[in-house]
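In what follows, a single structure is set out as structure tokens and then discussed.
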Amino acid sequence: MNIFSRLESEVRGYIHSFPTVFKTAKNAVLVDEKNKHYIDFLAGAGTLNYGHNNPVLKQAAIDYLMQDGIVHGLDMATSAKKAFIETFEQYILKPRALDYKLQFTGPTGTNAVEAAIKLARNVTKRHNIIAFTNGFHGVSLGALSLTGNQKFREAAGVELGNVHHAAYAGYFGDDVDTIAMLDKLLTDRSSGVDLPAAIIVECVQGEGGLNTASMQWLKKLSTLCKQHKILLIVDDIQAGCGRSGSFFSFEKAEIYPDIVTLSKSLSGFGLPMSLVLFKPSLDIWKSGQHNGTFRGNNLAFVTATTAIQKFWADQKFQTELAQKSELVSSRLRHIVQKFPEAELTHRGRGLMQGVAFRNPDLADEVTTQAFNLGLVIETSGSRGEVVKLLPPLTIENETLEKGIDLLTQAIEQVVQDDTHAKTLSTQSKSMNKLQGAVS
Ligand SMILES: *Cc1c(COP(=O)(O)O)cnc(C)c1O
């Protein structure tokens, strides 16, 4: 028994999918203690958009430490924080004509979500929040109440209340207008749904299976929120920072959410950092009313500032990102056609795409097989039916292609084994029949 299973809690998750001890990593390649190399299509669940140990970000962090820069400063003003806010305003907010105030929360995504819904409830003096089916927003109690997945919810130990779950885009198939349904629930004073403080949405559902809302659906949602005077919160913790193709996942919908949460890839280096953005008129917080010892991880400010300067100051990165997304799309469409027996469907956008299997067991086997071949990739979705490609956005085209080759190989093996198993079972069934007839 190894030290992990002996001493570390059974709550461990990813270690079971990737049973090795990782030691070093660079951009999209992980290396384990036995010096086996793996292509990383998980990228810290979307935390490493700029790859592992990006040399420019690493150098900025090292320089800052060597100069005795402030590492921990509560929410005091520091030079590192100033540089981040200035850079964020210059390269992210201004070019997109977004007017937001910034609230740095505790370091993880769930902290940002808690702050966002607390603010929305305080501003509107309403208790209810509407979240969507298959949404994932974190596992602390407030965020958990917004999360759809039963596995996470049943661990709460208390009742999860004050949230109504509405049907996400496409939940009942493409023909059902889920915005019209929601509008009816909000308009009908006898629907039983209390007017919510906010509606929280992921434009692409990361953990929920790469379900994607169209720009039109998002526009309609935004209009609906305005009509009913409900705050719109976009949880961009996973789909943001470039993952879905643009810095914010809602950009192409041309909407202006009231509140936005960011975390995962915000620091750019895998350092914990979270941020809530909200319209200035919503800033009703009293000083120190919502706090946290680790608000403002200054080392993360340094890498976040450098990441924005390096990747978001001009169009180059986004152009390459669009090309890589198209490459993944076309290769996944090809995979869908190549294995008709697996009944695959193509999901997602940007560099958060994947394939959904009709049979979730096969998706699971594909990730196991992929790992054996040297590819780290996970499933998502309510039944774990979606194999999800989440490579660093900085992955070299060659490595990206190689990773998809390995994935194709893994699917091929699993599909062949499955067909073989099915043939065997039909053969043995007819054998049994034959034997029955003989005896
Ligand atoms: C990961 C995630 C969270 C929670 O972030 P943590 O850092 O794990 O607390 C919230 N919302 C979305 C959309 C996420 O993907």
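With each label point set 7 Å from Cα along the Cα-Cβ vector, what nm distance links Lys226 and Ser140?
3.3
Using only DSSP helix segments of four residues or longer, with each worth -39500 (n - 2.57), what per-residue ellipticity at 222 nm results for the chain after dividing by its residue count and rounding to 500?
-12500 deg cm²/dmol
Which of the lysines could be linked to Lys226 by a straight reach, that is with a Cα gap under 22 Å, when you skip same-chain ones fewer than 8 residues away?
Lys101, Lys118, Lys125, Lys184, Lys252, Lys279
Have a look at Ala239, Thr124, Phe152 and report the one farthest towards the positive end of the charge dipole of the chain, computed about the Cα centre with Cβ charges (Lys/Arg +1, Asp/Glu -1).
Among Ala239, Thr124, Phe152, the one farthest towards the positive end of the dipole of the chain is Thr124.
Would you rank Trp217, Trp285 by solvent-accessible area, highest first, keeping every protein chain in place and using a 1.4 Å probe?
From most exposed to least exposed: Trp285, Trp217.
Among Pro107, Trp285, Val415, which residue has its Cα furthest toward the positive end of the charge dipole of the chain, with +1 on Lys/Arg Cβ and -1 on Asp/Glu Cβ?
About the Cα centre, the residue reaching furthest to the positive side is Trp285.
Explain nothing, just compute: Karplus ³J(HN,Hα) = 6.51 cos²θ - 1.76 cosθ + 1.60, θ = phi - 60°, for every residue of segment 266-282 in order, whole Hz, x for Gly and Pro.
Values, residue by residue: 4, 6, x, 10, x, 8, x, 6, 9, 8, 10, 10, 8, 4, x, 5, 8 Hz.
Which value, in debye to the nearest 20, gives the size of the charge dipole of the chain about its Cα centre, when Lys and Arg are +1 and Asp and Glu are -1 at the Cβ?
The dipole magnitude comes to about 640 debye.
How large is the Kirkwood hydrodynamic radius of the chain, in angstrom, based on all distinct alpha carbon pairs?
23.1
What whole-number value in Å² describes the accessible area per residue of segment 390-439 for a 1.4 Å probe?
Roughly 62 Å² per residue, with all protein chains present.
Taking R0 as 30 Å, what FRET efficiency do you get between Gln150 and Gln315 from their Cβ-Cβ distance, rounded to the nearest 0.05?
The computed FRET efficiency comes out at 0.10.
Treating the angle as unsigned and between 0 and 90°, give the value, to the nearest 10°, between the Cα long axis of helix 316-338 and the longest Cα principal axis of the chain.
Approximately 20 degrees, to the nearest ten.
So if R0 is 30 Å, what FRET efficiency would Val176 and Phe22 give, r being the distance between their Cβ atoms, rounded to the nearest 0.05?
0.10
Taking the Cβ of Thr105 as the center, what net charge do the other residues with Cβ under 12 Å away carry, scoring Lys and Arg +1 and Asp and Glu -1?
Result for the neighbourhood of Thr105: 0.
Less than 15 Å apart at the alpha-carbon level, and either on another chain or at least 8 residues along: which aspartates and glutamates does that give for Lys23?
Straight-distance partners of Lys23: Asp32, Glu33, Asp40.
Where the accessible area of the chain is counted over protein heavy atoms with a 1.4 Å probe, how much of it, in %, is carbon and sulfur?
Of all accessible area on the chain, carbon and sulfur atoms account for 53 percent.
Over segment 55-311, what relative contact order in percent results from Cα pairs under 8 Å that are six or more residues apart?
Dividing the mean separation by the residue count of segment 55-311 yields 30 percent.
Could you work out the relative contact order of segment 296-439? I mean the mean sequence separation of Cα pairs under 8 Å and 6+ apart, divided by the number of residues, in percent.
Value for segment 296-439: 18 percent.
Mind checking the per residue accessible area of segment 55-311 for me, 1.4 Å probe, whole number of Å²?
On a per-residue basis, 43 Å².
Roughly how far apart, in whole Å, are the Cα centres of segment 365-417 and segment 42-67?
One Cα centre to the other: 24 Å.
Please get the size of the charge dipole for segment 138-294, origin at its Cα centre, with Cβ charges of +1 on Lys and Arg and -1 on Asp and Glu, quoted in debye to the nearest 20.
300
Which lysines, if any, have their Cα less than 18 Å from the Cα of Lys433, not counting same-chain residues under 8 positions apart?
Reachable lysines: Lys422.
Which order do Glu202, Glu114 take by accessible area at a 1.4 Å probe, largest first?
Greatest to least solvent exposure: Glu114, Glu202.
Cα axis of helix 109-124 to longest principal axis of the chain: angle in degrees, 0 to 90, nearest 10?
Between helix and principal axis, roughly 50 degrees.
Sort Tyr168, Tyr14 from largest to smallest accessible area, using a 1.4 Å probe on the heavy atoms of the protein chains.
The ranking, largest first, comes out as Tyr14, Tyr168.
Would you work out the Kirkwood radius for segment 219-355? I mean one over the mean of 1/r across all pairs of different Cα atoms, in Å.
17.4
Any idea what the relative contact order of segment 76-192 is, in percent, if you count C-alpha pairs under 8 Å spaced at least 6 apart?
16
Rg and Dmax of segment 55-311, Cα atoms, in Å?
18.4, 63
The values are calculated or read from the model by the stated rules, or taken from the named source; none is laboratory data. Not measured: the values here are computed from a predicted model. Backbone-built Cβ (ideal geometry, glycine too); neighbour counts: all protein chains shown. Heads up: the accessible areas ignore ligands, DNA and RNA and are worked out on the full protein's heavy atoms, side chains in. Shrake-Rupley method; radii C 1.70, N 1.55, O 1.52, S 1.80 Å.
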